[in-house]
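Just below is one structure, and these are the notes that go with it.
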Amino acid sequence: MDTIFALASAPGKAGISIVRLSGPLAIIVAEKLTKSKLKEKQPNLRVIYDSDNHFIDQALILIFSKPYSFTGENVVEFHLHGSSAVVSSVIKLLGNFKGLRSAEAGEFTRCALDNGKLDLAQVEGLADLIDAETDAQHKQAARIFNGALGEKTKEWRAKLVKAGALLVATLDFADEEVPEEVTPEVEKLINVVLSDLDKEIIGVQTAERIRTGFEVAIVGAPNLGKSTLLNYLVGRDAAITSNVSGTTRDIIEVKLDLRGLPVTILDTAGIRISDDKLEEIGISRALERSSLSDLRIVLTEDGEYPSGLKKRDTDIICIAKDDQGNRGGVSGKTGAGIDRLKNNIWDILNDKAQYVGIATRERHKSSMVNAKKFLVNAIVSLRDGPEYYDITAEEIRAATSALDSLIGRIGVEDVLDEVFSSFCLGK
């Protein structure tokens, strides 16, 4: 097994930079670089020397012995002074040792997965935790990283294993008198898991939105101040504004942290009948993208919808260019009505966020949908009577395997490269 190393902190000048090693040679190499014996249960302040015995840096060195480390292997961290020259020298030195090589993207975390320190769902949670920009994203990622989905999956698996065991016991004693009828208990166990799966499957779409951001589209006829409103909402000039109708042709996206919720505001082309081919394309894109958004802010002069835009119950209808704030509308020019609009947006999106569960990705949903399919089949065969218990037991076994893929126990080799490609080298 190789010993891998990489810069584990952000590159560039900093107060402290961390270089991490993981593998069987980690501690041996660290002691060679410092020409000293290192203690495993306390910090070590040591000088690092190059191959010519020249001083490179004085570093704080931490040792995490297997299996009590992040990767499950021996891990050493060099906490160096954050000079690019120092880091470069240490990385170069490590590369000269036989049996050491630079870590690939996400390889430390991959070791943690391979050594049973994390399940695949926790790995995904860690990736989301690193990328989290808002409070909602942080809480959701932390829940997954702490193993919430893995624990829930274990609960489901335990119930299904018990249900399968009851059926198998009945089959084993098929020629003898069975003490009790197991169908009601098996059906109850399956239905508990099915109910939980239904809730989680529904919540995945909302969880995905928390990961990537809720989309709020600003729509309306041309020259109603959509771009000006976008700029005011995000606090900068993200979109070009002009009195000329049809200035916005393409969709402009700007991310916003709205009281802890991740939101992407979309500025769209003004909706009207136009002979301009480019403007027509922009209008078509505006209608399509806004139809997929979580929420729409419909700007209007008179409360009427622009032609071609279908009403939705969740639309927020705003009187446009209400600069004085005396018509109950909004103004991106003076800020009138903006606080009320933000509160309205937050209330609607926060209500959506309440339906989120612990499953957060489309991969999770796919595994749960597959498990549900097998469990529905199991209920059908179970009700057909004891002569179909063998079929029921097989359906339960297939559902259990589908849930195992949820946390990476089986059948996920094809998704691992995609998962770990999102990590940096030091993770």
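The values are calculated or read from the model by the stated rules, or taken from the named source; none is laboratory data. Remember, it's a predicted structure, so these values are computed and weren't measured experimentally. Neighbour counts are summed over all protein chains in view; Cβ atoms, including those assigned to glycine, are modelled from backbone coordinates with ideal geometry.
Details
- Among the residues making up region 307-317, those that are buried (at least 16 other Cβ atoms within 10 Å of the Cβ) and among the hydrophobic types (A, V, I, L, M, F, W, C) are Leu309, Ile316.
- Looking at Ala6, Ala26, Ala14, Ala30, just one residue is touching a residue at least 24 places away in the same chain (Cβ under 8 Å) and touching a Cys at 6+ places or on another chain (Cβ under 9 Å), and that residue is Ala6.
- A search for C-beta distances below 6 Å between a residue of region 392-409 that is closer than 13 Å to Arg363 by Cβ and in contact (Cβ under 8 Å) with a residue 12 or more places away in the chain and any residue that is outside any helix (DSSP H, G or I) and of a type in the set (Gly, Ala, Ser), counting only pairs 6+ apart in sequence or on different chains, returns Ser405/Gly411.
- Extreme residue, modelled with the lowest pLDDT, among residues of region 234-263 that are part of a loop (DSSP other than H, G, I, E, B) and among the hydrophobic types (A, V, I, L, M, F, W, C): Val244
- Candidate set: region 188-234, residues that are among the charged types (D, E, K, R) and without any contact (Cβ under 8 Å) to a residue 60 or more places away in the chain; chosen: the one surrounded by the most Cβ atoms within 10 Å (Cβ to Cβ): Asp196
- Hits in region 145-166 (condition: in contact (Cβ under 8 Å) with a residue 60 or more places away in the chain, over 19 Å from Val204 (Cβ atoms) and not basic (Lys, Arg)): Leu160, Val161, Ala163, Gly164
- Sole residue being outside any loop (DSSP other than H, G, I, E, B), out of contact with any Asp or Glu (no Cβ under 8 Å at 6 or more places or on another chain), aliphatic (A, V, I, L, M) and buried (at least 20 other Cβ atoms within 10 Å of the Cβ), chosen from Leu80, Leu45, Leu94: Leu94
- Within region 330-357, the set of residues being touching a residue at least 24 places away in the same chain (Cβ under 8 Å), among the β-branched types (Val, Ile, Thr) and out of contact with any Leu (no Cβ under 9 Å at 6 or more places or on another chain) comprises just one member, Val356.
- Residues that are hydrophobic (A, V, I, L, M, F, W, C), under 24 Å from Gln354 (Cβ atoms), crowded, with 18+ Cβ neighbours inside 10 Å and in contact (Cβ under 8 Å) with a residue 40 or more places away in the chain, drawn from region 254-306: Leu258, Leu261, Val263, Ile265, Leu266, Leu295, Ile297
- Residue that is touching a residue at least 40 places away in the same chain (Cβ under 8 Å), small (Gly, Ala, Ser) and under 28 Å from Thr212 (Cβ atoms), where the choices are Ala142, Ala105: Ala105
- Subset of region 346-365 (residues that are part of a helix (DSSP H, G or I) and in contact with a Ser or Thr (Cβ under 9 Å, 6 or more places away or on another chain)): Ile348, Lys352, Ala353, Arg363
- Within region 97-129, considering residues that are assigned to a loop (DSSP other than H, G, I, E, B) and among the charged types (D, E, K, R), the one farthest from Ile144 (Cα to Cα): Lys98
- Residue within region 194-202 that is β-branched (Val, Ile, Thr), in the same structural domain as Thr153 (by TED's automatic domain parsing) and either at pLDDT 85 or above or within 30 Å of Pro386 (Cα to Cα) (or both) present: yes
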